[in-house]
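The values are calculated or read from the model by the stated rules, or taken from the named source; none is laboratory data. No experiment lies behind these values; they were computed from the predicted model shown. Cβ placement follows ideal geometry from the backbone for every residue including glycine, while neighbour counts extend to all protein chains displayed. Note: areas computed on protein heavy atoms with side chains; ligands, DNA, RNA excluded. Shrake-Rupley method; radii C 1.70, N 1.55, O 1.52, S 1.80 Å.
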Amino acid sequence: MEHPKTIVVIDDEERICQSFERVLSKDGHRVEAFTDERQALARVFAGGVDLVISDLMMPQMTGVDILKAMNARSIKTPLVMITGYATTENAMETMRLGAIDYLPKPFTVDELKSVVARGLKSSDVDRAKLPAAPRGTFEIRGHSWVRRCDNGDAIVGAHPFILACCGRVTGVELPMEEDELIQGGACGKLIVEDSRVPLRLWAPISGDVKAVNGRVAEDPALLAAAPFTDGWLLRLRPLRIETELKNLKPAE
Amino acid sequence: MRTLSDIHELHDDVRWLIRLRALAAVGAAAAAAVASRVLHLQVYAPGLYATAAFVFLYNLGFAWFALKHDSHHASILSANLQISLDLLSLTALLHFSGSYENPFVFFYVFHAIVAGVLLTHWMAIAQTMLAVALFAGMIVLEWTGALRRWPLQGPWGLWFNDQSLFVAGIFAVLVSTLLIALYMALSISERSRRKNLEISAMQEELALKEMPASAEELLRSEKLASLGQMAAGIAHEINNPLTVVLMNVDMALAEAAPTDPAVETLRIAKEEIVRCRGIIEQLLTFARGEDVGRRVYDANKVLRDSIKLIENYAKLHRVKLEPYSPDNRLLCRINPDQMKQVLVNVMMNGIQAMPNGGTLRAGVFWNDKDRLIEFKVQDTGGGIPKPMLSRIFDPFFTTKKPGQGTGLGLSVCHRLVEINHGRIEVDSDEGQGTRVTVCLPCGEKARTRSGRAGANATEEGEACGTPENNRRH
């Protein structure tokens, strides 16, 4: 058996911490749950942590504060944000600050396990070896990307980082033409090998779907093969791209 | 009368007049050349050329002035001066070419039109008076011999004695008059059309800002805002315990032996928790009043699903359901979960309005005239008294006994329909029953997509998997 992973859980509700401990320790992980944000942060700073799962709204420090504190010390431990009050704004901010994922409460055990598996795997992914994004690409950090076309449309796709974290994609479920997508809302699902729930992709911008990439639907391997080009997922008619691009990270 | 908001318009109008005059100056010079050189009329050509040149020069001056000054005051002054000079120039042109005999006397009309378009009523009247005075002054001065007269005559005598020349002259003047009149009428109507477009664009912009139309609307939206804050707070509080319940039910499911009868119980419990999650999410979306992620969806299916949900409730209240839906798909752009919520709410209201039983008609129709999809729900209950009809969408307004209704149902419906870009109407005849109509826009391509949608949609008719598709994160 693989050596157990250390997962730090931060939530001000005792019962939630207990549930995390029960669910994750059954999978062989070592769970250290904290209802006190400062103690938890001290534990993360101490090192040897493979994944942090943090609540967003807590009395002393918010999950965003924790992320910022980790960033300030260049701690690269992946963090998954969970929240009972999910909004587009805090989802986008959390991802911009480098969270690996964002999970609205309540979630099923399968949803949690799938996020945890992705988070743990992310440490093994060498970002430097991933395909580079072409100029003009903006991304929900490591998650999905958008690029403007000459005619004012925008194309959207899955980021190679999340593709590398989630394992082999065996299918895609995409919205239909004319569906309206909202930034931070779902823009499709990837059916992933070894996961009981599909991976939900978040739309980097709002817009109406103009076209769906049928080639990717037929051959999901195209996603990982050419994530920024032929592996695009949707073409959108953007709704308010100018303001929304500010929430995204420009590709280097 | 003009108002301050017309400043820009006046400034544009003055520029239009300047462009027009540049053409007129060239036209006058050309006409003088034709009259003296081709027709050999005894017009005073040097006078005509000098006047045309004068027009051209002051036009350049006004063009320069318009570039430098665009205040309302400057525009008014400049427009008045220009029209006066135009009248003087026209009078001079007429004086040098036959005076009152010249058929171009009608061109005073254009100056009156221009004055009417550009100036205030009184100024336009004053300019027209000036035209009359100038014309009359010219005639008097010529008669008294103070000014020399240049009769409009050729080598053959007075021009109108030559019938063919007279006809040709009148014809030419008529044609040019008609063309100029047409041009003026078109540019005036074009400008007013553009103005109307601007106004309607402005109105749309205002409508987009969702400004409450009246005090009542304002009150309603204020109540809704506090309702939204409350909902958001509640949702946040409920999501935490719900997380614990969901995780633990899931664990119990995983731990139970497959043959254990508890598995079925737990599975039902889990399904219901997931449903709660959906409801809370919608509550939050509703509270925030944001976009909802509409998608192309079959309105027939919305109706069928909603009816399934209230069938038992109707039976319990001895209400006969009469659903109607056409055979073909009716695709509209909506959030189907929200529309189901609206229909269920409206139909339950209808059923509750018939305590002694009755018939509830619920149908979906395509309104070809307005290109809308319409849900109609009609009961045979007692109807709603007129004074109450205007208040039924107000939050917390209820006619039910305390504890039986919150008064939120219809206000939530109103809001849900609104964020789906539709509208909801209620009309009622006391004693005859109530009819609720929900109108929804159809997608641009929605109508032509009927075939394809069937191929792509899953069993539930969902475009992208489960209803979770619209979950917010």
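Some points to look at:
- Residues that are of a type in the set (Asp, Glu), in contact with a strand residue (DSSP E or B) (Cβ under 9 Å, 6 or more places away or on another chain) and open to solvent by less than 80 Å² (accessible area, probe 1.4 Å) within the range B:300-337 comprise just one, B:GLU322.
- Taking the conditions (1) hydrophobic (A, V, I, L, M, F, W, C); (2) over 26 Å from B:ALA235 (Cα atoms); (3) facing chain B (nearest Cβ under 10 Å) in turn, A:ILE75 satisfies each one other than (3).
- Applying the criterion of at least 2 residues that are closer than 19 Å to B:ASN420 by Cβ to the helices (runs of 4 or more DSSP H) found wholly in the range B:275-389 leaves B:299-316, B:336-352.
- Selection within the range B:49-65 - touching a Leu at 6+ places or on another chain (Cβ under 6 Å) and over 15 Å from B:ILE83 (Cβ atoms): B:THR51
- Only one of B:LEU174, B:LEU93, B:LEU197 that is of a type outside the set (Ser, Thr, Tyr), outside any loop (DSSP other than H, G, I, E, B) and at pLDDT 90 or above: B:LEU93
- Highlighted here are the strands (runs of 3 or more DSSP E) found entirely within the range A:147-202 that include at least 2 residues which are within 14 Å of another protein chain (Cβ to nearest Cβ) and over 21 Å from A:GLY119 (Cβ atoms): A:169-173.
- Residues of the range B:231-255 that turn out to be more than 8 Å from chain A (Cβ to nearest Cβ), free of Cβ contacts under 8 Å to residues at least 40 places away in the same chain and surrounded by 17 or more Cβ atoms within 10 Å (Cβ to Cβ), as a count: 2
- Check on A:LEU245, farther than 18 Å from A:PRO175 by Cα and either in a helix (DSSP H, G or I) or touching a Phe, Trp or Tyr at 6+ places or on another chain (Cβ under 7 Å) (or both): yes
- Among the residues of the range B:89-111, none qualifies, meaning not one is closer than 19 Å to B:HIS11 by Cα and of a type in the set (S, T, N, Q).
- Conditions (1) within 29 Å of B:GLY169 (Cβ to Cβ); (2) among the charged types (D, E, K, R); (3) touching a Leu at 6+ places or on another chain (Cβ under 8 Å): number failed by B:ARG21: (3)
- Unique match (being under 23 Å from B:ILE351 (Cβ atoms), at pLDDT below 80 and surrounded by 13 or more Cβ atoms within 10 Å (Cβ to Cβ)) among B:GLY405, B:GLY381: B:GLY405
- A:ARG96 being open to solvent by 10 Å² or more (accessible area, probe 1.4 Å), farther than 19 Å from A:ILE7 by Cα, under 17 Å from the mean Cα position of the chain (by Cα) and not acidic (Asp, Glu): yes
- The set of residues in the range A:19-29 being buried (at least 16 other Cβ atoms within 10 Å of the Cβ) and more than 14 Å from A:ASP55 (Cβ to Cβ) consists of A:GLU21, A:VAL23, A:LEU24, A:HIS29.
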